[in-house]
Structures are given as C-alpha cells and as structure tokens.
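Report on the following structure.
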Amino acid sequence: MSPRRLHLNAFLMGVGHHEAAWRHPRTEPALVTDVKHFQNLARIAERGKLDSVFLADGVALWGNVRHNALGGLEPLTLLSAIAAVTEHVGLIATASTTYNEPFHLARKFASLDHISNGRAGWNIVTSASEAEAHNFGIERPAHRDRYARADEFLDVVTKLWDSWEDDAVVKDRESGIYADTDKIHAVEHSGPHFAVKGPLNTQRPPQGHPLIVQAGSSPDGKDFAARHAEAVFTAQQTLAEGQEFYADIKARAIAAGRRPEDIVILPGISPIIGSTEREALRLERELEELIIPAYGVAQLSTILGVDLSDHPLDEPLPEISPETEGQQSRVKLVLDLASRDNLTLRQLIARLAGGRGHRVLAGTPELIADQIQEWFEQGAADGFNIMPPVLPSGLADFVDHVVPVLQARGLFRYEYEGRTLRENYGLARPANRYAELAVV
C-alpha cells in the first residue's frame, strides 16, 4: 500500500467538457440549467469517494451560445442545493477577487461551509477576460494589479472568517448570554484596495477557513499559490511539464515558509473511457466530428487575443506573442502545444475542444489508471482534476471503472477519512488568529 493517496476532484461543466458534448446522443443539452442534473453528478462523485466537485465561473457570457450549450448557474447557489443531497464530497466554487468585495465573499463561503457541515472550497481567480471588466463598467486591470488586489482580498476574507473565535457562541440560556462578545472582533482593515471594519455577521466556518484553491500558472499566479493555496488546479500536457510545475510550486511554498505537503497539486485530465481502446477512440472521433470549426477558432482567438477568423484552417498558427495581460499561462500552453506538435489551426482546435488545454486521454480504464499512477508516482501530481468529456456518463464511467482500478492498486481511498473537505485533503484546520493573539 502506498503511503500517499491520490486526491480526485470532479470538474462539473454543463453536459461535458468537450465543446461538442451537447450535440452527442449521450447527452441532453436541456440539463445545463437543471439542478437535479448537478445533484446527480455530485452523488456519482460521492459514490466514487472523490474528494470534491468543482464549479468554474466567470462574470461574462462564455463563448458563442449559437454553437455551445451554456447554463451559467451561479455556483454558490447551486452548491448549496448540492449540499442538501450529499454528505461527504467537497464543494468548490470559483469566485473572482476582481469583481467582488471581501465582506460579500467571506459571508457567502462561510454560509456554504455551515450549510454543508464543513465542505466548502473557494477557487480564487483574478478574472482575465476583458468582457468581464466591461460588465462592471471598467477596463481590465493589469495582470500584476489583479494579483496585488487578490493578496489583500484574501487577507481581509480570512480576517473576517476569524472574527468570531471558535468558542464565541456560549448559548447560556440561564444567564441569557448567547455569545461572548469579547471573542467577536472587528478586523479594522485599512489597505490600498479595501477598508473593512468587521466583524463578519456569520459565525466562524466549521473548517475555520474553507479550502483555498488557485488555478493560475503565470509567475504571479504561482507566487500567489505558494503563499496561500491549499490546492492548485493546473494544466500540463506532458509528464516533464507536470514535473517541472510540481517541483516549482513545492519549492516556492518552501521559500514562502510553508510545508510542500500543504499544497495539493491537481492537473486537469479529460478521460475518454471505453471498455476497449477501439471503443474509446470511437467516442473521441464522434465528438471531433461534431466540432464546429468557426466556434473553435473563435474560442482560440479569445484565448490568444488574436483574431484568427481569416487564417487558413490547414496552416500552422501565425507568429503570436506570448505576452498578454490576460491568461498568461494558458496562452503559453497553447502556443507550446501548437509548436511542439507542429499543429495546423484545424488540428489545434480539435486538440483544445476536449479540455481547453488540459490533457485528453482516450483508452481503457486500465490505461487511464496507468497514466494517473505514472504522474502521481513520478512527481507530477498529488491527484487530478477529472474533466469528463460528456456528462453524466463520462463521470459514471470514471467512478465505476477507473476508480476501482486505482483502489485495487492502493492509490485511492475506499472510504472517506473524515467529514470535512480539509480532512479528506489531509489538511489542517487553521487556528484562529485572534484567539492566538489573546494567548500571547
């Protein structure tokens, strides 16, 4: 039995991560706004003992709804509904530090943590899209400025979560004292971006702090992760790239005074699973045949910040600078992929259709498990962000056929270790800063 155990998160996106999933007969596009669909997905993940489910989010319309099925349900609202029908699986939502205020998000995530009995996680993003900025009547802040705001934002949020000490609520009916107000603290924060008095009007979350997740892989993003993140969602295409990223984040964590094991690194993979390799490749081919090239080109143009609509499909990309104020790490990944494999524009959009830069694996459950095990044991991952190409069947296939292989190899749990998301990720509950100050 391995002394380490994989961590597995299910990334839930509509009816599948492949951009043509909604056109495939294994899916039903009407489900993208159906709460029962997402509750079912979470129950499937919990059946497989997965650590968590994750809902990405942005504050602008993604892509072109002419050619893709988009639901856009607000994730914290949806996760509250999922919490009501699950008991163990963690509940992670994306929320932006650029287009929110700390008090609002501190309260929302504390509420989700209470509603779920300690299963909430926050995927912190700084929002790279210009369309998002325009929905708030501003120009997109510079990349470095967004991360400076994110640093202060998280500082304020954690102060607010700590503003109630764990034993502040005494519930003494006889004396009529509900809470010890000496243990409820104003945070009195004043900084470059925020002035927040506090305290929070919600008691301290069951986990102390909901799990902090981060997904940026730019230099600023990696520094932010090293200082703050407890789980990192990332995208790498090769084992060597995964190993380089993994070693870099762990080293940055040590330099920031943290233990490397306190950051769980989860590359994304999109597994196309068949009982035979031929069956898996047939599903992959069926999805590729449903791709609408104009949609793929438009998506790629948005990622790269370059209009490729008139570029010939069967020629390589033109020269494109990797410098951007947008998604720096994703732009680099896409350009590296196109160059390394000498892809035409048509081939590149097909490769990106399944996972938007995350690794796509087509094969039997044993082949998928082999790849997961190799990255896990060769220093490229602590687990994986599972991105099924079609839903719900792709997640059910992973849970029912890949997870048992990983369990039999001693790589994954048979039962949950605890009740909270932190316990399942093997992470400590943060001490309350104000209680510690009182002791000193």
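Out of all the residues in region 171-197, which are assigned to a loop (DSSP other than H, G, I, E, B) and in contact (Cβ under 8 Å) with a residue 12 or more places away in the chain?
Answer for region 171-197, where residues must be assigned to a loop (DSSP other than H, G, I, E, B) and in contact (Cβ under 8 Å) with a residue 12 or more places away in the chain: 180, 185, 186, 187, 191, 192, 193, 194.
Could you pull out the residue among 110, 45, 131, 84 that is touching a Pro at 6+ places or on another chain (Cβ under 9 Å) and small (Gly, Ala, Ser)? Walk me through how you get there before you give the answer.
Numbers: 45 fails: touching a Pro at 6+ places or on another chain (Cβ under 9 Å); 131 fails: touching a Pro at 6+ places or on another chain (Cβ under 9 Å); 84 fails: touching a Pro at 6+ places or on another chain (Cβ under 9 Å).
Exactly one of 110, 45, 131, 84 is touching a Pro at 6+ places or on another chain (Cβ under 9 Å) and small (Gly, Ala, Ser), namely 110.
Kindly provide the set of residues from region 331-345 that are touching a Lys or Arg at 6+ places or on another chain (Cβ under 7 Å) and touching a residue at least 40 places away in the same chain (Cβ under 8 Å), ordered by number.
337 - this is the single residue of region 331-345 that is touching a Lys or Arg at 6+ places or on another chain (Cβ under 7 Å) and touching a residue at least 40 places away in the same chain (Cβ under 8 Å).
Looking at (1) modelled with pLDDT of 95 or more; (2) farther than 30 Å from residue 399 by Cβ, find the lone condition where residue 138 falls short.
If we test residue 138 against (1) modelled with pLDDT of 95 or more; (2) farther than 30 Å from residue 399 by Cβ, just (1) comes out false.
Can you find, within region 1-33, the residue that is surrounded by the most Cβ atoms within 10 Å (Cβ to Cβ) among those that are among the β-branched types (Val, Ile, Thr) and part of a loop (DSSP other than H, G, I, E, B)?
Kept after step one, since they are among the β-branched types (Val, Ile, Thr), are these residues of region 1-33: 15, 27, 32-33.
Going one step further and asking which of them are part of a loop (DSSP other than H, G, I, E, B), we end up with 15, 27.
Values: 15: 27, 27: 23.
The extreme case among them is 15.
With the checklist (1) closer than 23 Å to residue 56 by Cβ; (2) touching a strand residue (DSSP E or B) at 6+ places or on another chain (Cβ under 6 Å); (3) at pLDDT 95 or above; (4) not acidic (Asp, Glu) in hand, flag the one item residue 169 doesn't pass.
Failed condition: (1).
Determine which member of the set 336, 370, 400 is more than 22 Å from the chain's Cα centre (by Cα) and more than 21 Å from residue 7 (Cα to Cα).
336
I want to confirm something. Restricting to region 178-204 and keeping residues that are of a type in the set (Val, Ile, Thr) and surrounded by 12 or more Cβ atoms within 10 Å (Cβ to Cβ), which single residue is nearest to residue 102 (Cα to Cα)?
Among them, the one singled out is 196.
Can you go through 53, 32, 59 and tell me which one is under 28 Å from residue 420 (Cβ atoms) and in contact with a helix residue (DSSP H, G or I) (Cβ under 8 Å, 6 or more places away or on another chain)?
It is 53.
In region 385-432, what residues are under 22 Å from residue 263 (Cα atoms) and in contact with a Pro (Cβ under 6 Å, 6 or more places away or on another chain)?
The answer is none; no residue qualifies.
Suppose we keep only residues that are of a type in the set (A, V, I, L, M) and under 16 Å from residue 367 (Cα atoms) within region 396-430. Which one would you say is surrounded by the fewest Cβ atoms within 10 Å (Cβ to Cβ)?
408
Pairs under 9 Å by beta carbon, first residue closer than 20 Å to residue 40 by Cα in region 395-417, partner open to solvent by less than 10 Å² (accessible area, probe 1.4 Å) and among the acidic types (Asp, Glu), six or more apart or different chains?
Pairs found: 416/51.
Check region 288-303 and report whether any residue there is farther than 24 Å from residue 52 by Cβ, part of a loop (DSSP other than H, G, I, E, B) and polar (S, T, N, Q). Break it down stepwise before answering.
Pass one, region 288-303, residues farther than 24 Å from residue 52 by Cβ: 288-303.
The next check asks that each one be part of a loop (DSSP other than H, G, I, E, B); those that pass are 290-292.
Pick out the ones that are also polar (S, T, N, Q) and you get none.
Scanning region 288-303, I find no residue that is farther than 24 Å from residue 52 by Cβ, part of a loop (DSSP other than H, G, I, E, B) and polar (S, T, N, Q), so the answer is no.
Considering only residues that are of a type in the set (Lys, Arg) and part of a loop (DSSP other than H, G, I, E, B), look in region 225-260 and name the one that is surrounded by the fewest Cβ atoms within 10 Å (Cβ to Cβ).
The selected residue is 259.
Hey, does region 147-154 have a residue that's touching a helix residue (DSSP H, G or I) at 6+ places or on another chain (Cβ under 6 Å), of a type in the set (Ser, Thr, Tyr) and at negative phi?
Within region 147-154, one or more residues are touching a helix residue (DSSP H, G or I) at 6+ places or on another chain (Cβ under 6 Å), of a type in the set (Ser, Thr, Tyr) and at negative phi.
How about region 313-366: which of its residues are of a type in the set (Val, Ile, Thr) and within 22 Å of residue 386 (Cα to Cα)?
Answer for region 313-366, where residues must be of a type in the set (Val, Ile, Thr) and within 22 Å of residue 386 (Cα to Cα): 331, 334, 349, 360, 364.
Inspect all residues belonging to region 334-351 and state whether any of them is at positive phi and in a loop (DSSP other than H, G, I, E, B).
yes
The values are calculated or read from the model by the stated rules, or taken from the named source; none is laboratory data. In this text the structure is predicted, and so the values were computed from the model without any measurement. Cβ atoms come from the backbone with ideal geometry, glycine included; neighbour counts cover every protein chain shown. Ligands, DNA and RNA are stripped out before the accessible areas are found, and what is left, the full protein with its side chains, is counted by its heavy atoms. Shrake-Rupley method; radii C 1.70, N 1.55, O 1.52, S 1.80 Å.
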